[in-house]
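Okay, structure first, notes after.
Coordinate-derived values only; no laboratory data. These figures come from a predicted structure and were not determined experimentally. Here the Cβ positions follow ideal geometry from the backbone for every residue, glycine too, while neighbour counts run over all protein chains shown.
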Amino acid sequence: MCRRPDGGILKAGSFSGSGDMRVAEVRNRVAGRLGEAAASGDEDVAAQALDFCRALLITLASEDADSDVNVQTLAIKTGTAGRILGLNQEYVRELIRRRVLGANKSNGEFHVPLSAVVSFQAKSVKFSTSPVPFDTSNWLEPKVGTSAGWPKGHGPHHKGHDEQQGSA
C-alpha cells in the first residue's frame, strides 16, 4: 500500500480535490508520456521521463486500478525507494538519517515522498546534460497542444529542439 507523507494509507476516496486520480488513469497517462518522450528525439527528456515513469509505476504496482491516488503526495517505504534508486534499503535509511533524502517517520517506519525520490534520482544522474531537472509536479495533468504536459523548453516542438535537430 502507498502511504501519504503523514502516514495515512491511500485508499479509494481518501482524498478530495483536483490532484486525485484513479490508478488506472495514472498508468494510462504514464504510457502516453513515455511515447511522447521517446518521440521527442531528446535523450535527456527520454531518460528523465523514463526515470520518473519507472518510479511511479513501481510505486503503484500493488495498488488496485480503481483506487484514487494523488501523485504529488505519494510516499513510499524505504524498500520501495531503494528499488527505484537501485540502492540497498539500509543505505536509503542512512541517506534519510543524514538528511540527504527527506522522509517522515510513522509507526517506526520511514515514508519517503515519491517526489523526494525522483528529485534525488535526478540529481544523482551523472550522464544528464540538463543543469536542473525539470519539474514533474504537474506532468500527468491533461493538457492540449503539441507540447502538452512538457515543461517549457522540453517539449518535442520547442525552438531549441528544432535547432538541435537541424545541426545533428
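Observations on the structure shown:
- Here the simple spin-label model places points 7 Å from the Cα toward Cβ, and for LYS123 and GLN72 these points are separated by 2.1 nm.
- Extending 7 Å from Cα along the Cβ direction at ALA65 and again at GLU25 yields two label points whose distance is 1.6 nm.
- As a rough guide to protection, the peptides 112-119, 67-74 ranked by mean Cβ packing within 10 Å, highest first, stand as 112-119, 67-74.
- By the count of neighbouring beta-carbon atoms within 10 Å, fewest first, ILE96, ILE58, ILE76 end up ordered ILE58, ILE96, ILE76.
- The simple Förster model, with R0 at 25 Å and r as the Cβ-Cβ distance, assigns ARG54 and ASN107 a FRET efficiency of 0.35.
- Close amide H pairs (under 5 Å, H built 1.01 Å from N) link PHE110 with THR78, residues at least 5 positions away or on another chain.
- Distance between the 7 Å Cα→Cβ label points at ALA46 and GLN89: 3.5 nm.
- 3J(HN,Hα) along segment 22-39: 5, 4, 4, 5, 4, 4, 5, 5, 4, 4, x, 5, 5, x, 4, 5, 5, 7 Hz, from the Karplus curve 6.51 cos²θ - 1.76 cosθ + 1.60 with θ = phi - 60°, whole Hz, x for Gly and Pro.
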